[in-house]
Amino acid sequence: ISLFEPQLREVPRQAPNGAASSIDPRRVLVLTNQPDLWQMGSPWALFAGGGATVLSTKAVPFVGAHLLDLGAAEAVIKAVDGIDLEQIDLILAVEDAAIADVPAVFADAAAGVDLASLLFVVARKAYDRLRGGKMSLVTACLGVTSAKLPPCTGALAGVVKSLARELPAARCRAVVTD
């Protein structure tokens, strides 16, 4: 029997080309279905104020967010096609389980207007950049406070796991946190 003791050390962030980097909000594509995340004072509002591109399945209260009608497949594809993915380094799908309305989550999923559906459409469009390691994909399920995981964790992690299996060079992560 052996024990594992993690050793933490600071490591500079690396860009796809190997150079040290930090996240530039203008090169982030944020996917959300929760406008409450974007209220002033929220840490996520920093992305919006920093110029991130935001795609949402519900109205988001700031200028520059794109509201999508996921019920109309052509409208979604057109909206996603309108984004220059060559200028995006990170796709970030965010859902807060603490403010999620669970019956609404299942109703949205049944209607095909959930965050996982939006993530799938965007990932399909970004497939070549993800495959080449030129873009990262991260899902963040926030507000998870019990061992019983909310629906968002499985749906978003499923998309990430599928991509990671198909594209070994892709940088895909699923984060579940409180």
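Miscellaneous remarks
- When residues of the range 120-170 are limited to those that are in contact with a Leu (Cβ under 7 Å, 6 or more places away or on another chain) and open to solvent by 60 Å² or more (accessible area, probe 1.4 Å), the one modelled with the highest pLDDT: ARG131
- Residues that are hydrophobic (A, V, I, L, M, F, W, C) and open to solvent by 30 Å² or more (accessible area, probe 1.4 Å), drawn from the range 109-119: ALA109, ALA110, ALA111, VAL113
- Looking only at residues of the range 94-108 that are assigned to a helix (DSSP H, G or I), open to solvent by 40 Å² or more (accessible area, probe 1.4 Å) and under 22 Å from THR145 (Cβ atoms), we find that the one that is modelled with the lowest pLDDT is PHE106.
The values are calculated or read from the model by the stated rules, or taken from the named source; none is laboratory data. Computed from a predicted model, the values in this text were never measured in an experiment. No Cβ is skipped: glycine too gets one built from the backbone with ideal geometry, and neighbour counts run over all protein chains shown. To get the accessible areas, we keep the full protein, side chains included, count just its heavy atoms, and leave off ligands, DNA and RNA. Shrake-Rupley method; radii C 1.70, N 1.55, O 1.52, S 1.80 Å.
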